[in-house]
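Structure record follows, encoded as structure tokens.
The values are calculated or read from the model by the stated rules, or taken from the named source; none is laboratory data. What you see is a predicted model; the values in this text were computed from it and never measured. Using ideal geometry, Cβ is built from the backbone for each residue, glycine included, and neighbour counts are taken over all protein chains shown. Please note that ligands, DNA and RNA were not included when accessible areas were found on the heavy atoms of the full protein model with its side chains. Shrake-Rupley method; radii C 1.70, N 1.55, O 1.52, S 1.80 Å.
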Amino acid sequence: MEIKDVVKEKYGQAALRVATGCSSCCGAAAATLDCCDPITSNLYDANQTTDLPDTAVKASLGCGNPTALAKLNPGETVLDLGSGGGIDVLLSARRVGPAGKAYGLDMTDEMLALARENQRKAGVDNVEFLKGEIENIPLPDNSVDVVISNCVINLSADKARVIGEAFRVLKPGGRFAVSDVVTRGEVPAEVRQSMLLWVGCIAGALEEHEYVRLLAQAGFESIDVEATRVYDIEDARQFLTGQGVDVDAIATQVEGKFMSAFIRAMKPSAKGCCGPSCCS
Ligand SMILES: C[S@@+](CC[C@H](N)C(=O)[O-])C[C@H]1O[C@@H](n2cnc3c(N)ncnc32)[C@H](O)[C@@H]1O
């Protein structure tokens, strides 16, 4: 099976669990259907989630809180890559207001159905969930002010293409503001080889310098990777146990190697442009 098929199957199951009243379970735990790992828990403040549908909050499978760290202005267009149950799309819609728009993009039918139901419950009009793949974003060039994403790019088998697509759809001066799991230095090959750990956002994680390199290669500037959570051996034990990895044998090789990070970058403004407003 291709990675994409496995990812669709696992996240489809997670969406169905929420739709039937359970929590989605999270991160690496999504692979084992066990709850709740140190990656996905406690990401949002109560003041962000109070007015959201319970099923949007329960479906959260991210590793950060991109809308809390990103600058979003009224009237802007935001695109969330791999929007899942839609939590960050609904939060973005609130921030950009009725004059703005928040798109969610996801390839998994069950997640799209859940996200659309969450939009209906939230009663917001400035939101649209699109079906598609983050490697082929179904939006025109230069059409989006901010690309956000929460723990999804690590799942792609073609990260350079995803980053290139994000660059294409961003307007000149547009911002890339993404939460993701990244690694610091090399991690053991046995971790990289596990399909379940790939689905759980671990095995596919980019090394932090490689992330920067791919962003620069696509044309982004002002690139910054900020660690938001660095996982110690006990955290690693939680997401590696049960995945066929002898955690104690590789303890020193995983301690501090995995982190959730907020990755910022900017598409250069158009030549001769005096500021963000004159480019739009
Ligand atoms: C870890 S969940 C994160 C969901 C959401 N961002 C959140 O924070 O709750 C990954 C989501 O990305 C979607 N996804 C994974 N790979 C994708 C791809 N290549 N194209 C489109 N969607 C993808 C999955 O269907 C799933 O809904």
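Using the Cβ-Cβ distance between Ser222 and Leu69 with R0 set to 22 Å, the FRET efficiency from 1/(1 + (r/R0)^6) comes to roughly 0.90.
Our summary gives the chain a relative contact order of 18 percent, counting only alpha carbon pairs under 8 angstrom and 6 or more residues apart.
Of all DSSP beta bridges confined to the range 45-192, the antiparallel ones make up roughly 5%. Normalised by the number of residues in the range 128-173, the mean separation of alpha-carbon contacts (under 8 Å, six or more apart) gives a relative contact order of 54 percent. Remark: relative contact order (the range 162-280) = 41 percent; criterion is Cα-Cα distance under 8 angstrom and separation of 6 or more residues.
Under a 1.4 angstrom probe, counting protein chains only, how are Glu207, Glu128 ranked by accessible area, largest first? Intermediate values should be presented prior to the final figure.
On the way: Glu207 35, Glu128 70 Å².
I get Glu128, Glu207, largest accessible area first.
In a reduced charge model with +1 at each Lys and Arg Cβ and -1 at each Asp and Glu Cβ, the chain shows a dipole moment near 880 debye about its Cα centre. What base-10 log of the normalised intensity I(q)/I(0) is obtained for the range 33-159 from the Debye formula, alpha carbons as equal point scatterers, at q = 0.12, 0.20 Å⁻¹? For the range 33-159, the Cα-only Debye profile gives -0.40, -1.19. On a per residue basis, the range 105-178 carries 36 Å² of accessible surface, using protein heavy atoms and a 1.4 Å probe.
For a test of the definition: using alpha carbon positions, the gyration tensor, and the 1.5 limit on a/c, classify the range 54-123 as rounded, prolate or oblate.
prolate
Rounded, prolate or oblate: which one fits the chain, using the alpha carbon gyration tensor with axes a ≥ b ≥ c (rounded when a/c is under 1.5, else prolate when a/b beats b/c, else oblate)? Oblate.
For the listed peptides 99-110, 115-126, 63-74, a ranking on the average number of other beta carbons within 10 Å per residue, highest first, reads 99-110, 63-74, 115-126. Need one word for the range 86-142: rounded, prolate or oblate. Basis is the Cα gyration tensor (sqrt eigenvalues a ≥ b ≥ c); a/c below 1.5 gives rounded, then a/b vs b/c decides. Taking the square roots of the gyration eigenvalues as a ≥ b ≥ c, the range 86-142 is oblate.
In whole percent, and with a 1.4 Å probe on the protein chains, what portion of the accessible area of the chain is carbon and sulfur?
Summing carbon and sulfur atoms, their accessible area is 51 percent of the total for the chain.
Projecting the Cα positions of Asn154, Ala205, Ile87 onto the charge dipole of the chain (unit charges on Cβ atoms of Lys, Arg, Asp and Glu, taken about the Cα centre) puts Ile87 furthest along the positive direction.
Multiplying each eigenvalue of the alpha-carbon gyration tensor of the range 142-280 by 5 and taking the square root yields semi-axes of 34, 13, 11 Å, largest first, rounded to whole angstroms.
Largest GNM mean-square fluctuation among Val199, Val96, Val152, using the chain with Cα springs under 10 Å: Val96. Cross-link check: pairs Lys121/Lys159; Lys58/Lys267; Lys159/Lys257 evaluated at a Cα-Cα cut-off of 31 Å; pairs beyond the cut-off: Lys121/Lys159; Lys58/Lys267.
Amide hydrogen proximity for Ser269: with H placed 1.01 Å from N in the peptide plane, the residues at 5 or more positions away or on another chain lying under 5 Å are Gly173.
Pull up the DSSP beta bridges for the chain and report the antiparallel fraction as a percent, rounded to 5. Taking every DSSP beta bridge within the chain, about 45 percent pair in antiparallel fashion.
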